[in-house]
Each structure stands twice: as structure tokens, then as C-alpha cells.
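The values are calculated or read from the model by the stated rules, or taken from the named source; none is laboratory data. Bear in mind that the values here come from a model prediction, so they are computed numbers and not experimental data. All Cβ positions, even for glycine, are placed from backbone atoms using ideal geometry, and neighbour counts span all protein chains on display. Protein only, heavy atoms only, side chains kept; ligands, DNA and RNA dropped before computing areas. Shrake-Rupley method; radii C 1.70, N 1.55, O 1.52, S 1.80 Å.
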Amino acid sequence: MSMSTKQIQWFPGHMFKSLREIREKVKLMDIILVLLDSRLPVSSMNPEIIKIVEKKPIILLFNKMDLSDERILNQYIKQYEEQGYHTLKIDAQSGKNVNKINALAREVLKEKLEREKQKGLKERPLRTMILGIPNVGKSTLINTLSKSGATKTGNTPGVTKAQQWIKMGNDFELLDTPGVLWPKFEDQRVGFHLAVTGAIKDKILPETEVVFYALQFLKAHYPKRLLDKYGITETDDLQMMLDRIGTERGCLLKGGGIDYERVYTIVLTDIRNKQLGGLSFDRPETLSL
Ligand code: G4P
């Protein structure tokens, strides 16, 4: 594997370790739930995820659908489905569509489950685990899934570290430790999209650059939202945009002038908290599957 210095920062050692562990755990599963960020259907996908899963059936769960621009998300979902993936849009926080995962998983595994039935085996919970990059919502989904009458079951032999399984009625046996994978970082744009949405919280990219990127992106793709929220017009350049937000939101320094640090924080917080509506940063015309 060749890596640039920049990439090394994104690949902490413990993640290499987890890659090996995940590969071992995947073997125990009937089906794998891969969590993607609906705002970043490409940037939140690591090709390594697909390699790790190998021949196991998978479902791509597009999480945080509430924060995304659904029109763009649907375009990506169509492309993933054309490539043969099973997909579902969810909001792990509110629980929207989470109750549809079981039916979809059983549909995907129909032939296998049918064979088991013909052998006289009883319907059983499906063994599954959740994989995804940091902050994509893995723990939230585990919590939401396990709210429905879950009981912890014992440790499982065959896994080196003691693993807890959460049994959800007859639906799933869910591994309570999610598989964390790093995002890929080959395209500079991917880095910016991960940073803007808060998928990457470490300050790997300078905040000013991230904010400048975000404002220029919003101006290109969502000018009406910038106008409604901050009074930014199409002719405003970057400096004018920052000044307008600063003035509008009262980010003023004691001695006069705009407190740009506060402006940067406001822009990022507003984007992440849906103050500018659902946004999609990956766009099919510039970031393809
Ligand atoms: P991880 O295990 O994959 O690292 O992610 P985790 O579940 O910790 O979720 C990361 C953040 O994303 C959390 O917010 C979580 O609440 C939020 N989140 C997860 N799923 C959804 C979703 O479908 N919609 C929305 N809007 N948010 C979601 P946080 O700010 O880190 O914490 P908090 O706000 O919950 O305190």
C-alpha cells in the first residue's frame, strides 16, 4: 500500500489494527450494514470497506438523511443500485426507516433463509455488524436498534476479544462494537467535505480553508439559502460574504472590525445543524462512484 504523508495522518495505527479485527468479525456475520453519510455518499465510502466485506451480503445505509439534500442523495442511490447494491436511507437519530432494515436484510438473504427453512431450521436472528467511518452514526444506530426489546447475550467464542451481542427479538444479533474505518483521502475535495460536515473533527485541514471552501461551495450550489440566511448576494466575493455574516450576526471585535474567528465557527455550526437546510456536498458531476 502506498501512502502520501498526508494520508498517514488519516490512518492512525489503531485503525490498521481494527481492520484486521473487523476482517475476523465479518466472517461471523450473515450480513453487513455499511453506514454512509447521506451528505457524502462517496467521501464517506472507503473502498477498503467493500474489500473487507468480500463476499458477504451488504446493505448500504445512508444515514443522516435528515441533513442531506435528498434530490442529490437519490441520484447517488440510483447509481449505487445500478451497481447492484441494496440501499436504504435512514435517520439513526430519530429512528426513521430503522425499522425497515430487518425486512430488507431478510429479502437480501432470501435464498439462504429459504434453504435453511427447507432443512427444517427455525427462523433465527441474523448476525450483523455495523461498519463505517468515524462520526457517521454507528453508535447512534446501535442504540436505536437496540432500544426495541434488546437483550445482551453472552460472549462469542471465536473472537479474540470478548464481544457482546445484542439480541433483538427474532430480528438481529448485533455485535455491539462497530467497525471503524478511516475515510479515503485521495481527492482534496473529499477532505474538505469530511471536514465541513464534521465527519473529521481533528483539525487536519486549516479551519479558514474549510470555511472558504464551504462558502464558495454554497454560493455555487445553494445561492438562495445564503441570501435567505445571511443576505449574501450572487455578486459578493469571499471577503464580502464573511463581512456580511459578521455584521448580520454581530461578530464584532472590541476595537472595531469583524471577529472572523467567530464567523468561521458560525458558518460551520450553521451548516452542521441544518440552519441552511439539507445540504449535499458530494455531487455526482465532480465525485463519481
Ligand atoms: P460513530 O459511532 O459512527 O462515531 O457516530 P455517532 O453515533 O457517535 O454519531 C456522530 C454524531 O452524529 C452524533 O452527534 C450523533 O448524534 C449524530 N447522528 C447520528 N445519526 C444521525 C442522524 O441520522 N441524523 C442526525 N442529524 N445526526 C445523527 P454529536 O454531535 O457527536 O453528538 P450529539 O449531538 O448526539 O450529542
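Being free of Cβ contacts under 8 Å to residues at least 12 places away in the same chain and either open to solvent by less than 70 Å² (accessible area, probe 1.4 Å) or more than 15 Å from the ligand (Cβ to nearest atom) (or both) narrows it down to one residue among 64, 78, 89; which is it? Before the answer, list the steps.
On the way: 64 fails: free of Cβ contacts under 8 Å to residues at least 12 places away in the same chain; 89 fails: free of Cβ contacts under 8 Å to residues at least 12 places away in the same chain.
78 is the lone residue from the list that is free of Cβ contacts under 8 Å to residues at least 12 places away in the same chain and either open to solvent by less than 70 Å² (accessible area, probe 1.4 Å) or more than 15 Å from the ligand (Cβ to nearest atom) (or both).
Mind checking whether some residue in the range 227-237 is surrounded by 18 or more Cβ atoms within 10 Å (Cβ to Cβ), of a type in the set (Phe, Trp, Tyr) and more than 16 Å from the ligand (Cβ to nearest atom)?
yes
Could you tell me whether any residue of the range 92-105 is in a strand (DSSP E or B), open to solvent by less than 50 Å² (accessible area, probe 1.4 Å) and closer than 27 Å to residue 221 by Cα?
Looking for residues that are in a strand (DSSP E or B), open to solvent by less than 50 Å² (accessible area, probe 1.4 Å) and closer than 27 Å to residue 221 by Cα, one finds none in the range 92-105, hence no.
Scan the range 266-278 for residues that are within 12 Å of the ligand (Cβ to nearest atom) and in contact with an Asp or Glu (Cβ under 8 Å, 6 or more places away or on another chain) and jot them down.
274, 278
Mind checking whether some residue in the range 190-202 is open to solvent by 70 Å² or more (accessible area, probe 1.4 Å), within 16 Å of the ligand (Cβ to nearest atom) and within 23 Å of the chain's Cα centre (by Cα)?
Yes: the range 190-202 contains one or more residues that are open to solvent by 70 Å² or more (accessible area, probe 1.4 Å), within 16 Å of the ligand (Cβ to nearest atom) and within 23 Å of the chain's Cα centre (by Cα).
If you check every pair at least six apart or on different chains, which have Cβ atoms under 9 Å apart with a residue in the range 98-115 that is touching a residue at least 40 places away in the same chain (Cβ under 8 Å) first and a residue that is in a helix (DSSP H, G or I) and not aromatic (Phe, Trp, Tyr) second?
Between residues of the range 98-115 that are touching a residue at least 40 places away in the same chain (Cβ under 8 Å) and residues that are in a helix (DSSP H, G or I) and not aromatic (Phe, Trp, Tyr), the close pairs are 98/141; 98/144; 98/145; 101/141; 101/145.
For residue 129, only one of the following conditions fails: (1) within 10 Å of the ligand (Cβ to nearest atom); (2) at pLDDT below 95; (3) not in a helix (DSSP H, G or I). What is its number?
(1)
Here are 233, 177: which of them is closer than 30 Å to residue 144 by Cα and part of a loop (DSSP other than H, G, I, E, B)? Walk me through it before giving the result.
Details: 233 fails: closer than 30 Å to residue 144 by Cα.
After applying the criteria, what remains is 177.
Could you list, in sequence order, the residues of the range 238-284 that are within 29 Å of the chain's Cα centre (by Cα), surrounded by fewer than 14 Cβ atoms within 10 Å (Cβ to Cβ) and of a type in the set (Lys, Arg)?
Answer for the range 238-284, where residues must be within 29 Å of the chain's Cα centre (by Cα), surrounded by fewer than 14 Cβ atoms within 10 Å (Cβ to Cβ) and of a type in the set (Lys, Arg): just 274.
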